[in-house]
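Chemist: Before I ask anything, here is the structure I am working with.
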Amino acid sequence: MKRLSIQWRVTLWFTLLMTLLAAVGLGFLFYVGGQSALSATRDRMAEMAVNARSEIGLDSGGFAIDSDLEYFRDGIYLSVYDAQGLPLYGAVPRLFDNTVAFADSRLREVTDSGGRWYLYDVCYTVDESDVWVRTVAAVDEIGATISSLLRLAVIVLPVFVVLAAVGGFWLTYRAFRPVRRITQTAREISRGGDLSRRIGLGPGRDEIHTLAGEFDGMFARLEDSFAAEKQFASDASHELRTPVAVILTQCEDALDGPRSPEELRAALKAIQRQGEKMAGMLSQLLFLARADSGRQTLHREPVDLSGLAAAVADEQRELAAEKGIEVTADIAPGLTVQGDETLLMRMLINLMENGVKYGREGGHLRLTLSGGAGTVTGRVADDGIGIAAEDLDKVWRRFWQADPAHSRGGAGLGLSMVKWIVEAHGGQIAVESAPGRGTAFTFTLPEQA
């Protein structure tokens with residue numbers, strides 16, 4: 001049974017169940033039919049015996065029996081006897097032993113050499129003379145009727161079984177058609193690696209349509225995940241290729257013939273800058289990898305976010321001054337959150353550095369922090385190059401940059417870290433931007449009571 005497919009197993013169980021129900025139903029009908037036939041025969045026997053009384057009288061010292069009295073009807077024989085048991089009128093079955101003793105008003109079943117019989121006797125007194133009326137019916141005739149029905153059922157039941165099997169197979173074939181489609185799609189994806197394929201059963205509220213919808217959603221997520229992984233590997237290789245190339249070039253130049261101490265020092269500084277860039281990128285990648293795997297832990301403690309934001313703003317003023325960007329801060333005092341101070345500082349630094357990198361020269365960068373309704377709301381806004389509306393959902397992607405020409409060596413990982421840090425602290429972050437008008441990042445964090 002285990003080697004059969006589910007479709008065949010369901011078909012077999014359906015056929016067995018329908019066969020069992022049919023057999024039980026037919027058996028019940030035969031039993032009820034047989035009992036009804038027997039009851040009807042007994043009632044007619046008693047009725048014929050009772051009705052015969054009105055047809056019996058006396059005439060010139062003897063019994064006078066109306067010739068209209070029926071002595072056979074529907075397989076039931078009627079006969080009339082005097083007190084000594086001598087036949088006066090009627091008939092009995094040819095094989096019936098007519099010597100069986102009378103029993104008044106009692107239905108009996110007797111067996112003799114001729115077969116099995118139902119008897120019903122009634123004794124009447126006509127002008128002080130007794131007369132017996134007997135009705136006889138063959139038990140085998142009732143059984144023969146039931147046997148005929150049973151033989152008919154033996155013929156009909158196999159036909160019913162075949163119809164049940166065919167019907168069950170057709171129903172299960174239609175019911176499992178979506179399952180075969182799911183299996184085929186999964187097999188094609190497994191063999192061809194085309195994650196863009198979908199089952200596409202369409203609308204439906206049953207369990208199989210729900211399962212197919214979940215599979216399609218899983219395939220879509222897997223496709224996005226693999227695409228992101230490929231893009232991540234490509235972007236990481238691209239970002240690391242430049243500093244590696246610079247380092248190798250500087251090393252080759254330094255080793256290619258004699259160089260003055262100043263030239264060697266300049267080469268080493270270039271190598272150092274590229275090494276620091278690679279170290280920073282690898283640190284960010286390690287952070288994101290730990291975050292993705294759930295191994296990046298938070299060391300929660302009460303953090304004075306107001307003081308932390310003020311310190312970050314002061315630190316970023318020096319970097320912003322190189323581009324002539326004015327940094328202003330509007331920070332409400334005493335705002336405290338429960339979180340990891342190092343990660344929260346990293347989040348603020350990344351947002352401020354992003355504003356400096358993409359801000360216009362001589363522009364403004366504004367940091368605001370306020371509280372209310374149990375939350376702390378922060379906003380970092382610049383008036384730089386801005387981001388197109390269709391690209392706003394891309395800013396959180398790793399290695400994505402609105403304008404690589406203005407990245408100043410950035411790898412496009414900072415905002416991915418910012419989003420994870422905010423959400424890890426139970427907060428939310430959103431971005432608003434317009435090309436040429438600047439960008440604003442707004443985050444909310446739960447305030448510590």
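The values are calculated or read from the model by the stated rules, or taken from the named source; none is laboratory data. Every value quoted in this text rests on a predicted model; they were computed, and no experiment measured them. Note that we place each Cβ from the backbone using ideal geometry, even for glycine, and neighbour counts take in every protein chain shown. When the accessible area is computed, the model is the full protein with side chains, heavy atoms only, and any ligands, DNA or RNA have been set aside. Shrake-Rupley method; radii C 1.70, N 1.55, O 1.52, S 1.80 Å.
Chemist: Leaving ligands, DNA and RNA out of it, report the carbon-plus-sulfur percent of the accessible area of the chain at a 1.4 Å probe. Display every interim value, and only then the final one.
Modeler: On the way: 14750 of 26200 Å².
Looking at the chain in its full context, I get 56 percent from C and S.
Chemist: Right, another one. If R0 is 51 Å, what FRET efficiency do you get for Ala332 and Glu252 from their C-beta distance, rounded to 0.05? Mind showing how you got there, number by number?
Modeler: Working: r = 55 Å, r/R0 = 1.08.
Plugging the Cβ-Cβ distance into 1/(1 + (r/R0)^6) gives 0.40.
Chemist: Next up: Would you mind calculating the gained length between Leu264 and Asn98 on full extension (0.36 nm times residue separation, minus the Cα-Cα distance), in nm to one decimal? Please report the intermediate quantities before stating the final value.
Modeler: Details: separation 166, 0.36 × 166 = 59.76 nm, distance 14.14 nm.
Stretched out fully, the Leu264 to Asn98 stretch lengthens by 45.6 nm.
Chemist: Order Asp206, Asp43, most accessible first, counting only protein heavy atoms with a 1.4 angstrom probe.
Modeler: Numbers: Asp206 65, Asp43 95 Å².
Correct descending sequence by accessible area is Asp43, Asp206.
Chemist: Still on this structure, please answer the following. Could you report the chain's accessible area per residue, 1.4 Å probe, as an integer in Å²? Intermediate results must be reported in sequence, preceding the final value.
Modeler: Numbers: 26200 Å² over 449 residues.
For the chain, the solvent-accessible area averages 58 Å² per residue.
Chemist: Right, something else. Relative to the first principal axis of the alpha-carbon coordinates of the chain, what is the inclination of helix 305-321, with its axis defined by its Cα atoms, in degrees from 0 to 90 and to the nearest 10?
Modeler: That helix lies at roughly 50 degrees to the long axis.
Chemist: Another one. With the dipole of the chain worked out from charges on the C-beta (+1 for Lys and Arg, -1 for Asp and Glu) around the Cα centre, which of Ile247, Pro261, Val139 lies farthest toward the positive end?
Modeler: The residue sitting farthest along the positive end of the dipole is Pro261.
Chemist: Moving on. Farthest toward the dipole's positive end in region 1-123, which of Gln7, Leu20, Gly75, given Cβ charges of +1 (Lys, Arg) and -1 (Asp, Glu) about the Cα centre?
Modeler: Of the listed residues, the answer is Gln7.
Chemist: Now for a different question. Among Trp420, Trp117, Trp170, what's the order by accessible area (1.4 angstrom probe), most exposed first?
Modeler: Working: Trp420 60, Trp117 15, Trp170 145 Å².
Greatest to least solvent exposure: Trp170, Trp420, Trp117.
Chemist: Kindly report, to the nearest 10 Å², the accessible surface of Tyr124 as traced by a 1.4 Å probe over protein heavy atoms only.
Modeler: 30 Å²
Chemist: Let me cross-check Trp8: its accessible surface, 1.4 Å probe, with only protein heavy atoms counted, in Å² to the nearest 10?
Modeler: Answer for Trp8: close to 130 Å² accessible.
Chemist: Can you give the three extents of the C-alpha atoms in region 1-110 along their principal axes, from longest to shortest, in whole Å?
Modeler: Here the spans come out as 90, 25, 23 Å, largest first.
Chemist: Just read off the accessible area of Phe226 with the full protein assembly in place, 1.4 Å probe, to the nearest 10 Å².
Modeler: Accessible surface of Phe226 is approximately 100 Å².
Chemist: Using only alpha carbon positions, build the gyration tensor of region 326-368, then give the equivalent ellipsoid semi-axes as the square roots of 5 times its eigenvalues, largest first, whole angstrom. Numbers along the way, then the final one.
Modeler: Details: eigenvalues 106, 40, 4 Å².
Those come to 23, 14, 5 Å.
Chemist: Provide Ile385, Ile155 ordered by accessible surface of protein heavy atoms (probe 1.4 Å), highest first. It would help to have the intermediate numbers written out before the result.
Modeler: Working: Ile385 55, Ile155 115 Å².
Highest to lowest solvent-accessible surface, that is Ile155, Ile385.
Chemist: Taking the dipole about the Cα centre of the chain, with the C-beta of Lys and Arg at +1 and of Asp and Glu at -1, give me whichever of Thr336, Ala381, Leu319 is farthest to the positive side.
Modeler: Value: Leu319.
Chemist: Kindly give the semi-axes, whole Å and largest first, of the ellipsoid equivalent to region 155-201, taking each as the square root of 5 times a Cα gyration tensor eigenvalue.
Modeler: Values: eigenvalues 281, 16, 3 Å².
For region 155-201, the ellipsoid semi-axes come out as 37, 9, 4 Å.
Chemist: Could you tell me the calculated FRET efficiency between Glu423 and Leu240, based on Cβ-Cβ distance and R0 = 41 angstrom, to the nearest 0.05?
Modeler: Working: r = 27 Å, r/R0 = 0.67.
That gives a FRET efficiency of 0.90.
Chemist: Right, next: Across all directions of projection, what mean area in square nanometres is found for the Cα convex hull of the chain? Let's see the in-between values first.
Modeler: Numbers: hull surface 184.3 nm².
So the Cα hull casts an average projection of 46.1 nm².
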